1. In this structure, is residue B:493 crowded, with 20+ Cβ neighbours inside 10 Å and away from every other protein chain (no Cβ under 12 Å)?
2. Looking at this structure, is residue B:158 open to solvent by 70 Å² or more (accessible area, probe 1.4 Å) and free of Cβ contacts under 8 Å to residues at least 40 places away in the same chain?
3. Among the residues of the stretch B:456-471, how many are within 11 Å of chain A (Cβ to nearest Cβ) and modelled with pLDDT under 95?
4. Consider residue B:467 carefully, then state whether it is open to solvent by 20 Å² or more (accessible area, probe 1.4 Å) and of a type in the set (Ser, Thr, Tyr).
5. Tell me the residue from A:273, A:322, A:301 that is β-branched (Val, Ile, Thr), crowded, with 21+ Cβ neighbours inside 10 Å and under 23 Å from the mean Cα position of the chain (by Cα), please.
6. If I filter the stretch B:530-537 for residues that are within 31 Å of the chain's Cα centre (by Cα) and polar (S, T, N, Q), do I get at least one hit?
7. Suppose we filter the stretch A:168-224 for residues that are assigned to a strand (DSSP E or B), of a type outside the set (Lys, Arg) and surrounded by 22 or more Cβ atoms within 10 Å (Cβ to Cβ); how many remain?
8. Within the stretch B:510-526, can one find any residue that is over 27 Å from the mean Cα position of the chain (by Cα) and at negative phi?
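The values are calculated or read from the model by the stated rules, or taken from the named source; none is laboratory data. Remember, predicted model here, so these are calculated numbers, not experimental data. Virtual Cβ from ideal backbone geometry, glycine too; neighbours counted across all protein chains shown. Side chains are part of the model used for accessible areas, which takes the heavy atoms of the whole protein and leaves out ligands, DNA and RNA. Shrake-Rupley method; radii C 1.70, N 1.55, O 1.52, S 1.80 Å.
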Protein chains: 2
Amino acid sequence: MTEPAGRLAALRALLADRGLDGFLVPLTDAHMSEYVGAEARRLEWLTGFDGSAGTAAVLPHAAALVTDGRYSLQVRRQVDMALWTVRELPAEPLGPWLAAEAPEGARIGYDPWLHTRAFVEETEALLAPRGARLVAVSENPVDALWTDRPRPSDAPARPHDLALAGCSSAEKRARLAEALRAEGADAAVITALDSIAWLFNIRGADVPRTPVVRAFALLLADGRATLFLDEAKATPELRAHLGPEVSLAPYGGLAPALAALGGRRVALDPSLTAAAIAEAVEAAGAAIRWMRDPCVLPKATKNAAEIAGARAAHLRDGLALTRFLAWFDTEAPRGGLDELSAAAQLEAFRRELGALCDLSFDTISAFGPNGAIVHYRATPATCRAIAPDGLYLVDSGGQYPDGTTDVTRTVAVGRPPPEAVRAFTLVLKGHIALATVRFPRGTRGGQLDALARMHLWSAGLDYAHGTGHGVGSFLSVHEGPQRIAAAAGAPGIEEPLRPGMILSNEPGFYRAGAFGIRIENLVLVVEDPQPGDEREMLAFETLTLAPIDRRLIDPALLTPAEAAWLDAYHARVFAAHSGALDAAGRAWLAAATAPLAAPAARAA
Amino acid sequence: MTEPAGRLAALRALLADRGLDGFLVPLTDAHMSEYVGAEARRLEWLTGFDGSAGTAAVLPHAAALVTDGRYSLQVRRQVDMALWTVRELPAEPLGPWLAAEAPEGARIGYDPWLHTRAFVEETEALLAPRGARLVAVSENPVDALWTDRPRPSDAPARPHDLALAGCSSAEKRARLAEALRAEGADAAVITALDSIAWLFNIRGADVPRTPVVRAFALLLADGRATLFLDEAKATPELRAHLGPEVSLAPYGGLAPALAALGGRRVALDPSLTAAAIAEAVEAAGAAIRWMRDPCVLPKATKNAAEIAGARAAHLRDGLALTRFLAWFDTEAPRGGLDELSAAAQLEAFRRELGALCDLSFDTISAFGPNGAIVHYRATPATCRAIAPDGLYLVDSGGQYPDGTTDVTRTVAVGRPPPEAVRAFTLVLKGHIALATVRFPRGTRGGQLDALARMHLWSAGLDYAHGTGHGVGSFLSVHEGPQRIAAAAGAPGIEEPLRPGMILSNEPGFYRAGAFGIRIENLVLVVEDPQPGDEREMLAFETLTLAPIDRRLIDPALLTPAEAAWLDAYHARVFAAHSGALDAAGRAWLAAATAPLAAPAARAA
């Protein structure tokens, strides 16, 4: 029963035993996490799809898997298309499919710890016309079948250095408590793992690539709090760090603790709270105050210490990437490199600098056609040799105590086709337009997205993913609430960009079966007062420091201002890293960052 | 009692007699019109403010008038600031003021024919904490005091030529009836005057500057309809045009007709339907199907005949404006012109061509500091002489049987200050960025707004109004649903732009006390397929044909592509009009439209 067909059949049989006509299998956990521990990868176990976003719906006669544009190609490679109907967000949400396919009067199971109440209500509204409904299950049937399901991580919870956090947990809790009182709430249940890590200044290793601790928190309006986590994590060191205002309780102790909140007003975030928690709060006789997780905005707007850390992390990370790119330029033409060995070498360069805690996500190391698979992960089965001619795309990042990085570079191996040079230059023009825009305070990411696309649009091209996501401070590489994207109603695009927010700037272009291009730097939102300004203006400071392949740029397509930006950026990159490189490395970087007008550019 | 202080006092006394603590006075009519007949200008009668948007709230001890950024300066000039608290949208909605100022338990009157149910519900929610509430009045107290209130217009309702409409009313009604059946509705109440004019292919003159007929319509799901309008308008010619499927009833007959809908499902547009109509539908025992007025989208997406008409109307209108600009260039330096005489001459040039039915709005003819008053209307009191040096801004348009126009030009009189030239050039760069953008089908106006602002933003400048509004076909000069604007949640910015939609492209810049700049052309959304496109691309075709003042352009600030756009546009303008001009006019236009690189540009 190790292969998907058998697992799907077994699930259907078990559902029938339990009097259910269907079941929903999302890729998340009880914290509504985007990235989850191995124990929560039920979607992959059932379908074989190992992308980072998706939900499966199983019915007696049909099964659907919904994901998004990033995974168009990958999902079709990984799942048995004879068993699964693939749908793609935002155009093809799961709900309408379920409403159309569900048998009359169907009882469709769901795990109330893995869905928000809003999702449950929306889905039930869609099912109502067919007399079908959702049924909460107390035990997840997938877990009953997944005999070799991993146990949750037992990694320790460690204090996060105050010098890096820039603000003590006591101070954060005091400010949030004040906000809760202002909202007329007596307490808040904090479920998001990165919010908990931020609020208590702790970091862990319970989720791959994200230094969070698997825990829930109950914050009271007087600043005291209870942290619910595995007993093994409650070390004396942790207790000493948290202090007397924070009591520890077992991970499973949240529900009982909620039962004691009768008569209180409890703040819950509608998008981060499992339906089971909302039920427990109401069952306790407490009133729910639906509001955004109060950690979200202060976490997103980095303080001075976090900003200093981000700059230091990017300097370090940029040096490692620069060494890799120099090495790659020498090795790739010789042949003998493949996607996995290149990624391993990049990780080695990052580790060599000593401060790396983990990668911030699985490296995307993609050569040629694999580059067109937006969130491609090389496996022994798919791994391509890097040779002789083609585009190599590497999207990677590091988790450092002082910051989280995320950077994509696309480099030419051999002679790049003119079509790729043109597309790369159009992507670069969009990247520069976003990197250089000044905008009034209050501007939302959704207003700026088109700046990154307009040059591709002029050629009838586009890319099927967002332009910018928030990034945490030694936390999640995808952090809300801000976002730069095109999709109508995409979460975060209506969020005003505020000084201290860190976002990615990552336009791209993908030619299925041929190549992928993405140019990604992280940028920091900064105040940008200048003489003559009549508005309070903000701008982006580019944090990432690594060369952009000049061999893929057609200077004739750049305006003087765009060429000047690239030259100035490259001068910054050279100044940042040249001192740390040996003579050969410095010579390579000097050529890689030479002004576009310089002979080297033509030589390439 | 002719002056505002007396009127406000009299209203308060009458409210007290009627046991009311307050009253709301919006500037709209029973059709939720933006532009209304003189009989509905209660706001102006009460406050003296004659802008096109605003609502007043009167309480025993305080009174507020809310309008928007366009009227910041004008409202303060026109209303007695000792009597009125002025608030500005979007930052300062009326509701919170009312909730803060209303006495405990206040009963605040409103006319249910002048507010939507949504407005009533939102306002009541804000008032609830104070135990205050809204009370529907059967007779509007303003009307009781407004002794010399004008009678509604008795202008006739005339058929709109089928060759210009491009689609018969019967065909439109058949399509809409099908849409209603698809929505499970038995009927729809159409209240918007432009929807009614479009649906029945009729035009009138009941609202200044907008060729609509004051009427309601009840459309049945079988395509039959009843048109409710003043008996005097029910001429044999109109009956013959409408045919046997459309019955006529008195304007006041809507409410009784609704009473006969018991048990039916009636479609109402939440944003266009007066609360009184929703009450009447429910009182009749009918069920409300809230949905968008089914006329809105087909009306906004012009058909081939309407597009041909728009091009013809803009050719004609551009010729009149070009003649005016040539005349102005000769006359202005001589002195002796003022804002009113210039506007009169522009209207004369439009009339001279024979097809003008009316202006599409009161001409904005503003010299120097008056140009900074975004929706300025010259009056004998405010009228400025045009001399000797300054910027002249003229925003005007015509209503022609084949189309509605709206165009703004800003021209220099004497030597323009360098600051104005820089600002004008930045505004022009934004105008060009929007005029030349290609975008994938599905793109919304809100995504494109920043293209028109980014160059101003780079200098720390901006403008406090939208960038583009929809325009009707011989109908309202402000037509939904599409819109290009920045404000979060502004109506229409999430509406996908569709081929056939007409919008304005009108970035601007305003220096209070000094000058105003706006460059406005109307553009048509067109399909723009090109070799190599990987998306279905749309683009804008500029409809407006009149020169843009080269003396206000700093060519050094334009990219070669921007300069090329302007030169190509000017070549189009010259080709369009030169044949219709006398020798002197042709010579003027040749110079006004000469390529930027040409000596003339320097000479200026």
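1. Values: crowded, with 20+ Cβ neighbours inside 10 Å: yes; away from every other protein chain (no Cβ under 12 Å): no.
Judged against the criteria, residue B:493 is not a match.
2. Working: open to solvent by 70 Å² or more (accessible area, probe 1.4 Å): yes; free of Cβ contacts under 8 Å to residues at least 40 places away in the same chain: no.
No.
3. Number satisfying all stated conditions: 1.
4. On the way: open to solvent by 20 Å² or more (accessible area, probe 1.4 Å): no; of a type in the set (Ser, Thr, Tyr): yes.
Considered against the rule, which asks whether it is open to solvent by 20 Å² or more (accessible area, probe 1.4 Å) and of a type in the set (Ser, Thr, Tyr), residue B:467 comes out as no.
5. Working: A:322 fails: under 23 Å from the mean Cα position of the chain (by Cα); A:301 fails: crowded, with 21+ Cβ neighbours inside 10 Å.
Only one candidate passes the filter, namely A:273.
6. Our first condition is that a residue be within 31 Å of the chain's Cα centre (by Cα); within the stretch B:530-537, this holds for B:536-537.
When the remaining residues are screened for being polar (S, T, N, Q), the result is none.
Within the stretch B:530-537, none of the residues are within 31 Å of the chain's Cα centre (by Cα) and polar (S, T, N, Q).
7. Looking only at that region, the number is 12.
8. The initial filter retains those residues of the stretch B:510-526 that are over 27 Å from the mean Cα position of the chain (by Cα), namely none.
Scanning the stretch B:510-526, I find no residue that is over 27 Å from the mean Cα position of the chain (by Cα) and at negative phi, so the answer is no.
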